[in-house]
There are 2 protein chains.
Amino acid sequence: MNTLDSPSGLPPKELEPTRQRILEAARAEFAAHGLAGARIDRIARTASASKERLYAYYRHKAELFSAVLELNLIEFARAVAQDAGASLPEFAGALYDHSVAHPEYLRMIDWANLEGRDVINPPLALIEDFHAERVRGVIALQADGSVDASWDPDHLNALVFGIVSCWIHEPAAALAADRAPDADTIAARRASVVRAVERLIG
Amino acid sequence: MNTLDSPSGLPPKELEPTRQRILEAARAEFAAHGLAGARIDRIARTASASKERLYAYYRHKAELFSAVLELNLIEFARAVAQDAGASLPEFAGALYDHSVAHPEYLRMIDWANLEGRDVINPPLALIEDFHAERVRGVIALQADGSVDASWDPDHLNALVFGIVSCWIHEPAAALAADRAPDADTIAARRASVVRAVERLIG
DNA sequence: GTACCAAAACGAACTAGTTCGTTTGGTATA
DNA sequence: TATACCAAACGAACTAGTTCGTTTTGGTAC
């Protein structure tokens, strides 16, 4: 029984729209400023909600952050699963596209990485599941011969992730360059990502 | 004229040891907590200095952060230059070693990336120089045939950086796993980094 | 249609604690 | 005397989280 369903016959009532707005506003705020830099008042204002409501739905700032992180991971996992059937290079390409279209997801992961377990309380089970599924995917590709079986699948997974996100973390690209590289640059980078992964698995 | 030099003949006096201690304490604090999460009082206490001194040497929290970032980039560039003569895979291996021995450097870069230009004011010229030198190194390796010349050297530089730092950013490795992976894991990861770069340049 | 109810929401003020940055008074040293 | 320093305190702004009286809304009974 799905708890999201409304009881018998009734129209599926729009579930807690205020909570939803708060979560959405928090998403933008936390992705932009992290936990320490985010402002509760700003989140409430953006959500067109009162602080009283915010604290009615979430106990702490940190709890709200965790909720955002969890939501992001779930959506990210779903987006990733979309392309899990493809070859590894094309999977990497799709992941790169996603990271360009929705940089918030990787930013959120970076914030969580930096701000640490002591403050945040990340959904470890979720992360572990997500990771295990990715590794299983790599193993399957190795079994059917399309990926060099001598790689540690765990390592290969991490390497692909690093390659996909390299321009987000490389200092010159991330800090020095203008924001929003043009479409040609993005396409060229994508091609390099795909090519890099092709070489890895060859 | 180098402003760091002491004037004529005098013994190169230990330069402003208090300032040094503050900078060192700030280094640890900012690497751990970022700009927004760092605490000025904690920095002063760690440095065994007074806040009065801290603000005598640095105008803002942000200025101190910039000083730390600049120092880190300079030292990082020096460490990188150490191994610039090696082959690209061994260079990547050395960089990986460095990132394991001194994670603060990459953390600092990540903080700067996330907290953004609006707040921080990164030493752009330094970053640009550093980047340009790395790219020149890649071009040289391409010229002598040890690296596939069909790569955009700029891209290859970023890819290597992404590969080296992949376990710092991959969510499962960074969030879920215990801190401080054992020596065997570290060695195995290093080998994978080297192998990955070998495949790229082949 | 009207009276009524309970939950959800508003909004504005308020508490209590924190934090940056400044100032003050005093000590050691050269 | 001048410089570097410290310990302590202070002010002002900010921030997380709370409280409370009022209003809105959706539903039900009469």
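Taken together, the values in this text are just the output of simple stated rules run on the coordinates, not laboratory data. Computed from a predicted structure; not experimentally measured. Note that each Cβ is placed from the backbone with ideal geometry, even for glycine, and that neighbours are counted across all protein chains shown.
A few points about this structure:
- About its Cα centre, the dipole of the stretch A:61-201 is roughly 160 debye, where the only charges are +1 on Lys and Arg Cβ and -1 on Asp and Glu Cβ.
- Theoretical FRET efficiency, 1/(1+(r/R0)^6), r = Cβ-Cβ of A:Val100 and B:Asp182, R0 35 Å, to 0.05: 0.45
- Per-selection Kirkwood Rh - chain A (Cα, Å, 1 d.p.): 19.0
- Surrounding net charge for B:Ser87, when Lys and Arg each add one and Asp and Glu each subtract one, Cβ distance under 12 Å: -4
- Helix B:124-143 and the longest principal axis of the C-alpha atoms of chain B enclose an angle of approximately 20°.
- Separation of alpha-carbon centers, the stretch B:152-187 and the stretch A:142-202, rounded to whole Å: 12
- Helical runs (DSSP H, four residues minimum) scored at -39500 (n - 2.57) apiece and divided by the length of chain A put the mean residue ellipticity at 222 nm at -22000 deg cm²/dmol.
- Look at the stretch B:187-197: the mean tally of other chain Cβ atoms within 10 Å of its residues' Cβ atoms is 4.
- Cβ-based exposure ranking for B:Ile139, A:Ile109, A:Ile163, A:Ile201, in which fewest neighbours within 10 Å come first: B:Ile139, A:Ile201, A:Ile109, A:Ile163
- Rounded to 0.05, the FRET efficiency of the B:Glu75 and A:Thr18 pair, given R0 = 45 Å and the Cβ-Cβ distance, is 0.35.
- Residue among B:Ser50, A:Val100, B:Ala94 farthest towards the positive dipole end of the protein assembly as shown, charges placed on Cβ: B:Ser50
- Loop sites in the stretch A:112-202: trypsin sites (Lys or Arg not before Pro), DSSP, at most 15 other Cβ within 10 Å: A:Arg117, A:Arg179
- Teacher prompt: A:Arg39 distances to equivalent labels in other copies, 7 Å Cα→Cβ, nm: 2.3
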